[in-house]
Structure formats: structure tokens, C-alpha cells
Protein chains: 2
Amino acid sequence: MSATPDLLRAAGVKVTPGRVRVLAALLAAAQPLSHADLEAQLPDADRVTLYRVLDSLVACGLALKAVDARGVFRFSASATQREHGGHVHFRCTDCGGVFCLKTSPPPPPKLPRGFRLGAVEMDVHGTCAQCARRTP
Amino acid sequence: MSATPDLLRAAGVKVTPGRVRVLAALLAAAQPLSHADLEAQLPDADRVTLYRVLDSLVACGLALKAVDARGVFRFSASATQREHGGHVHFRCTDCGGVFCLKTSPPPPPKLPRGFRLGAVEMDVHGTCAQCARRTP
DNA sequence: TTGCAAATGCAACACTGTTGCAAATATTGG
DNA sequence: CCAATATTTGCAACAGTGTTGCATTTGCAA
């Protein structure tokens, strides 16, 4: 089913164990992963190789690179990203879970002249049903 | 015309040469400045003190802290933008600048049964006019 | 003026990411 | 299947950014 090596071949890069494992981890992840996250998840991988694998996945279009609020790069599989674009998420501040909402994304706001819109994201957070039940 | 020391006094923090110079630099800057920018601009300031001065300005509401595309923190004076609740912000992914939009915040979305809403934030990002002009 | 909490300067450290280079390896063509 | 070759890997060392601990200095108020 999920043939990670095929994705790599289709992207025109060599299929190596490192790339397979990293891409698989990105595809399985619910949220974008930092280098540190991946290092913890793949303990026997070399630090530098991990950086280079991530860069190569970004270069061939299989992964996306973005900066989080702490200034750390986070990577996500671009397939996953497409799947989760176009709708709103709810993040539970208790358990950290992410849930997809039916709500459609808000309309792009009017920007001052010269500004270029990249994306509009809505960050809805609070307590999910399960956590709310546990702490009434 | 408000003198920089007065802004500091009004914010309830001690008036020190470091804070006065850094805040003046931020007020005079057209774009958010990084720690490195400020260090170059104020050569006889201590590196660590500069970090702490910036943090204190953020803590007392006189400056805003954001991350640029390279993952570096950039700081801007917020003297003119005191009210940051109740309206939407635009974040420039190039320079890290934060701009206030006229748009009103989106209505809270409908949540699944049992979910408790904490807060809704809208993250509108892209390229600001100045950065867009630099990279056409 | 004096006392005290806050701010500063310095050294050392931690985290994130990069570069150079030799050894190992995936792919291509015989 | 095997050899040739361009990539990739692993290691060491380095660079940039931000933080912590601690002794000293300084702003501010009693």
C-alpha cells in the first residue's frame, strides 16, 4: 500500500534506508516534525545525515520545510500537507491531539496595497471532548 | 513627541542606557531588527545584555518578537500599536514583521459535542509590501 | 544619602544547523 | 552478475543563535 520507496523513485532520487525511514516517519506524523523529533524517533541515525536527508526530501518536493514559533525548522510530507489543507483544525491543549473540523476556512482578508498573501490558517484550540470529560 | 525614556517609564520598567538605545533603534528602524542587526548598530553593547534588554522590552509590551524565514528572532517597536486584541495580524514570512489588519476576527466555529473552546487565532501570513518589492 | 531590587558584564554552556572529507553504497551500463 | 561512477553516509570540527549562573554595578525610592 504505502510504498515509500516508490515515492522516492518517482521523485527521481536514490532510494536509501535513511530516506525511506525519514519519509515514512513524516508520512505517519500528525504534525510537522523537527530534526530533534526525528532524531528521537530514529535513534541510530546520524545527526548530519538526517539534516541532509531532510534537505534532499525538500529539494525533490516530497517534504515541506517551515519555521515554528521557537525558530526551529519543522518538516512535513507534502502529501500529508495537501490532505490537511483546506479545512480547519482543533488542537486540544490538554492532550495535544489534533482534530479536523467541518468548518470551512475563513475568507482571505483584505490586505494593504503591495502585500502578498501566502496562507491563512485558523488556530482553534481548547479542550477536546475526552479531556473535558476527565476534568469537568 | 514622546521621548524614549518616557515610554520606558510609562511601561513601568527602569530607564537604563541600554534600554533607551535599543528602543530608540527599534523605533527608528523601518523593518524588524535581529539581535545581530542591533549588535552591529550598537557596537559597545554586551551580547547577553542585548538579549535581556530585548526580552524586557517584549515583556513590558514595548516591543514585539517574531521569527523570520531563517528561524531568527526579529524585534520591532510596538509603541504605536498598543491594542493587540480584537483584530487580526499579518505576519511577513520574510522579515518577521507583524502588521495589524482592519479585518475583524472570524466567528468561532462550530465544535463537535463535548469540545470546549479556548481561543481562536487567525494566522495570516505572506510577504509584506517592502519585502515583496525586494523580491519580485 | 542609603538600601535594595533590578540590570549589567563576563564566562561558560546548550541547541540548531553547516562544511569538508574519506569511506560506503545505490544505480546504470556492460 | 559485475564493475564504474556519481551520491550518499558518517565523522569531526565549526558557526550562529540563544541561555544560565554569578559577581558587580546601577536606577530608583525611602
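In the Gaussian network model of chain A, springs joining C-alpha atoms below 10 Å, which of A:SER56, A:SER34, A:SER104 carries the largest mean-square fluctuation?
Per the Cα network of chain A with a 10 Å cutoff, A:SER104 tops the list.
Compute the label-point distances linking B:ALA28 to its equivalents in the other copies; points lie 7 Å from Cα along Cα→Cβ; give nm, one decimal, shortest first.
Result, one decimal in nm: 5.5.
Given the pairs B:LYS65/B:LYS110; B:LYS14/B:LYS102; A:LYS65/B:LYS65, which are separated by over 30 angstrom at their Cα positions? Don't jump to the answer; show the numbers that get you there.
Numbers: B:LYS65/B:LYS110 32 Å; B:LYS14/B:LYS102 34 Å; A:LYS65/B:LYS65 21 Å.
B:LYS65/B:LYS110; B:LYS14/B:LYS102, as the Cα separations exceed 30 Å there.
Which net charge results when you count Lys and Arg as +1 and Asp and Glu as -1 among the other residues whose beta-carbon is under 15 Å from that of A:SER56?
Charge balance near A:SER56 sits at +4.
At R0 = 41 Å, how high is the FRET efficiency between B:THR49 and A:THR16 if r is their beta carbon distance? Nearest 0.05 is fine.
On the way: r = 47 Å, r/R0 = 1.14.
That pair, B:THR49 with A:THR16, gives E of 0.30.
As a check on your grasp of the helix formula, calculate [θ] at 222 nm for chain A: sum -39500 (n - 2.57) over DSSP H runs of n ≥ 4, divide by the residue count, round to the nearest 500.
Details: 6 runs with 53 residues, N = 136.
My calculation for chain A gives -11000 deg cm²/dmol from helical runs alone.
Return the long-range amide H neighbours of B:GLU121 (sequence gap of 5 or more, or a different chain), with a cut-off of under 5 Å between placed amide H atoms.
Excluding prolines and chain starts, which carry no amide H, the hits are A:ASP123, A:VAL124, A:HIS125.
I want the local charge near A:VAL124. Using Cβ-Cβ distances under 9 Å, sum +1 for each Lys or Arg and -1 for each Asp or Glu among the other residues.
-1
Taking every pair of alpha-carbon atoms in the range B:89-134, what share in percent sits in each 10 Å bin, from 0 to the bin with the longest distance?
Spelled out per bin, shortest first, that is 23, 37, 24, 13, 3.
Once the Cβ-Cβ distance between B:HIS35 and B:GLN130 is put in as r, and R0 is 25 Å, what FRET efficiency do you end up with, to the nearest 0.05?
Numbers: r = 21 Å, r/R0 = 0.82.
According to the calculation, E is roughly 0.75.
Taking just the C-alpha trace of chain A, give me its Rg and Dmax in Å.
17.5, 53
Measuring nothing but label to label, 7 Å from Cα along Cα→Cβ, what are A:PRO112's distances to the other copies in nm, shortest first?
4.1
Read the figures in this text as sums done on the coordinates, not as results from a lab. Note that this is a predicted model, so its numbers are computed, not measured. As a convention, Cβ positions derive from the backbone with ideal geometry for all residues, glycine included, and neighbour counts pool all protein chains shown.
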